[in-house]
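A.B. asks: Below is the structure I would like to discuss, written out as structure tokens.
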Amino acid sequence: MNNNTETKIKTRKELKSKLGYGDIVKIAAIANTERTTVHRWFRGQTDNPDIALAVEGLIALKTQIVSDRLKKLAENK
């Protein structure tokens with residue numbers, strides 16, 4: 001493997017670590033592809049830009065939800 005591929009796989013593993021149970025199915029639905037294709041994307045075996053956008057969007061959404069909930073908890077104290 002060359003250095004670029006190793007970096008890509010490492011970055012994708014870091015993204016995958018931010019996901020939870022059932023998120024692979026959501027990503028597949030958003031990207032209009034199969035779950036196996038999403039798994040291959042995380043392993044660096046395919047470069048589907050729709051999957052990349054779906055992963056980034058889902059992580060951003062989850063981060064925003066957590067942030068909003070923390071703000072709400074801080075306001076209630």
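A.B. asks: Using +1 at the Cβ of each Lys and Arg and -1 at the Cβ of each Asp and Glu in the chain, identify which of T33, L73, G44 lies farthest towards the dipole's positive end.
C.D. replies: L73
A.B. asks: Which of the lysines could a cross-linker bridge to K26, judged by Cα under 23 Å and excluding same-chain residues fewer than eight apart?
C.D. replies: Candidates past the 8-residue exclusion: K8, K10, K13, K16, K18, K62.
A.B. asks: Then there's this: Out of segment 1-76, which chymotrypsin sites (Phe, Trp or Tyr not before Pro) are coil in DSSP terms and have no more than 12 other C-beta atoms within 10 Å?
C.D. replies: Details: sites: Y21, W41, F42; in loops: Y21.
Filter output for segment 1-76: Y21.
A.B. asks: Compute log10 of I(q)/I(0) for the chain with the Debye formula, placing one identical point scatterer on every Cα and leaving out solvent, at q = 0.17 Å⁻¹, to two decimals.
C.D. replies: So the normalised log intensities are -0.67.
A.B. asks: While we're looking at this one, here's another question. Quote the charge dipole size of segment 18-77 about the Cα centre in Debye, to the nearest 20; the model charges only the Cβ of Lys and Arg (+1) and of Asp and Glu (-1). Numbers along the way, then the final one.
C.D. replies: Numbers: 10 positive and 7 negative charges, 69 e Å.
Taking the Cα centre of segment 18-77 as origin, the dipole is about 340 debye.
Bear in mind that the values in this text are calculations on the coordinates, not laboratory data. It should be emphasised that the depicted structure is a prediction, and the values quoted were computed from it without experimental measurement. Please note: Cβ atoms are built from the backbone with ideal geometry, for glycine as well, and neighbour counts cover all protein chains shown.
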